[in-house]
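What follows is one structure encoded as structure tokens, with my remarks underneath.
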Amino acid sequence: MKTRKLWSAKAAKWLFVIGLLLFTEFFSTVAEAAVPYPLKKLPIMAYPRQRMVTIYADAALSKQPVTMSGDFLKLRVRKRKKKAFYVEFLDGSGWISVDSLMADTSHKEKEVQVKKAVTAYRRPGGYSMGKVKKKTAVMVVARENGWVQVVYKYNANYWLAWFKEAEYEAAIPKKYRQPVKEEPDEPVEEEPAEEVKVGNCDDFIGLPSQYWVLATAKKKTFVYTKESTSSTRMGSFSKNNCIVVDTSGMEKGTDYTWLKVRMVNGKTGYLLYSYVTLDVLDVKTFGLSTSDEKDKQRIQVCQYGLPYIGTRFVLGGGSLTDGIDCSTFARRAMRNAGVWVDSYALAVDLSNSGKSISRNQLRPGDMVFYYNSWSDQSIGHCAIYVGNGYIINASGHQGSVYPSGGIRFSKIDYRSPTAVKFRNLVGN
């Protein structure tokens, strides 16, 4: 009898333990399932996942008030309606496509804590936002080509950001890890030989100060701190973009492998002669008459940005020293020369100002307009024509920092789609 009672007590104990374990497992599952989908925890701070995005006036994404640069546009996502998010940013608000923020709106994984700090990025391959600290709870909402998009909480805000998939997988508990697809190694960029002498600069040496020598890239070109490809890179610029050459100290009759160029804040750099073509721009008259009043206005328009070559591109920025965007730069150049334009005109507004002209009617001081990179329906960029096939503009198309972007000279067809609209705002 005692044995039977003892067995019954043990059985009851084990049944209680098993029941408790089952209840705990069930409650845990329910609790995990009850974790709200992160994008319902609005507002969320985010950067667009594309380099360039469009902000619309309505949730149907049909009315387009302004085009923005994704690299520098910080958004506060307030609400969602079907396939659009309502966002607020520094200079306004509007609707943005869900696809502009997320790679896959149906993807969702369990919320987990990272065991060590992980670098967060604004978009795949984009700029770093800093480190997400260890023990931060994150939830993956998208996976794409070696990257994961996550939501995490920081300083009372929820953030939408990207992690490198391999780094993320190494920072979470093993039971949550997923196999990471190994990406093939990127080909090593071959550096050209240094010692090949490629020619002389006789036609560009000893010119009066009103003539600036422009080096236009034949292909992606790097600027170095010294006359060596093993020295530190100061930056790069792409095909049909320009940088100003410093010809001081150069001698006629000498072959040169390296050219000295002007960088920001009085610094100089060096690039390989074979990567660029040289041309001269008269920055005093731009080929115009100094006795004609309208031509004087045009010269003023063209000269406006010369002291600020190198100022970085900042979306919505209004500073000629700290950062400015294309439309703000263009309208200030116009207004400085006495040409009236609306003080808040965007590129798309400027494209309807003044008089329409053809490409072969362009004169220094006229304006050039470009479609958005992803659309042939909307104007997304503007520039000022300065003659000889060159423009001056505040460009963020290939980066924000000079010489890849910012206030700089470029060939008129430096980007794709190429120039599509031309306007004379000066009036003659």
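If we scan the range 352-363, do we find a residue that is in contact with a helix residue (DSSP H, G or I) (Cβ under 8 Å, 6 or more places away or on another chain) and either buried (at least 23 other Cβ atoms within 10 Å of the Cβ) or closer than 28 Å to residue 97 by Cα (or both)?
Our first condition is that a residue be in contact with a helix residue (DSSP H, G or I) (Cβ under 8 Å, 6 or more places away or on another chain); within the range 352-363, this holds for 363.
Within this subset, residues satisfying the condition of being either buried (at least 23 other Cβ atoms within 10 Å of the Cβ) or closer than 28 Å to residue 97 by Cα (or both) are none.
Checking the range 352-363: not a single residue is in contact with a helix residue (DSSP H, G or I) (Cβ under 8 Å, 6 or more places away or on another chain) and either buried (at least 23 other Cβ atoms within 10 Å of the Cβ) or closer than 28 Å to residue 97 by Cα (or both).
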Apart from one, (1) surrounded by fewer than 22 Cβ atoms within 10 Å (Cβ to Cβ); (2) touching a residue at least 12 places away in the same chain (Cβ under 8 Å); (3) in contact with a Lys or Arg (Cβ under 8 Å, 6 or more places away or on another chain) all hold for residue 338; the odd one out is (3)
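Could you say which residue among 197, 164, 153 is within 24 Å of residue 117 (Cβ to Cβ), modelled with pLDDT under 90 and not polar (S, T, N, Q)?
Details: 197 fails: within 24 Å of residue 117 (Cβ to Cβ); 164 fails: modelled with pLDDT under 90.
One residue alone meets the criteria, 153.
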Selected residue (only one of 318, 249 is at pLDDT below 95, surrounded by fewer than 20 Cβ atoms within 10 Å (Cβ to Cβ) and at positive phi): 249
For the range 354-380, which residues satisfy the criterion of being within 22 Å of residue 63 (Cα to Cα) and either touching a Lys or Arg at 6+ places or on another chain (Cβ under 6 Å) or without any contact (Cβ under 8 Å) to a residue 60 or more places away in the chain (or both)? 369, 370, 371, 376, 377
If you go through the range 368-406 one residue at a time, how many are of a type in the set (A, V, I, L, M, F, W, C) and either within 20 Å of residue 220 (Cβ to Cβ) or in contact with a Leu (Cβ under 6 Å, 6 or more places away or on another chain) (or both)? 3
Tell me, yes or no, whether the range 119-130 has at least one residue that is surrounded by fewer than 20 Cβ atoms within 10 Å (Cβ to Cβ), part of a strand (DSSP E or B) and among the polar types (S, T, N, Q). yes
Does residue 123 satisfy being at pLDDT 85 or above and within 24 Å of the chain's Cα centre (by Cα)? no
Inside the range 311-325, can you point out the residues that are more than 16 Å from the chain's Cα centre (by Cα) and touching a residue at least 12 places away in the same chain (Cβ under 8 Å)? 320, 321
Which residues, counting only those in the range 258-277, are out of contact with any Gly (no Cβ under 9 Å at 6 or more places or on another chain) and either surrounded by fewer than 18 Cβ atoms within 10 Å (Cβ to Cβ) or of a type outside the set (A, V, I, L, M) (or both)? 258, 266, 267, 268, 270, 275, 277
Kindly state which strands (runs of 3 or more DSSP E) lie completely within the range 365-428 and contain at least 1 residues that are closer than 27 Å to residue 97 by Cβ. 367-371, 379-387, 390-395, 419-424
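The values are calculated or read from the model by the stated rules, or taken from the named source; none is laboratory data. It should be emphasised that the depicted structure is a prediction, and the values quoted were computed from it without experimental measurement. Counting neighbours? That spans all protein chains shown, and the Cβs are built from the backbone with ideal geometry, glycine included.
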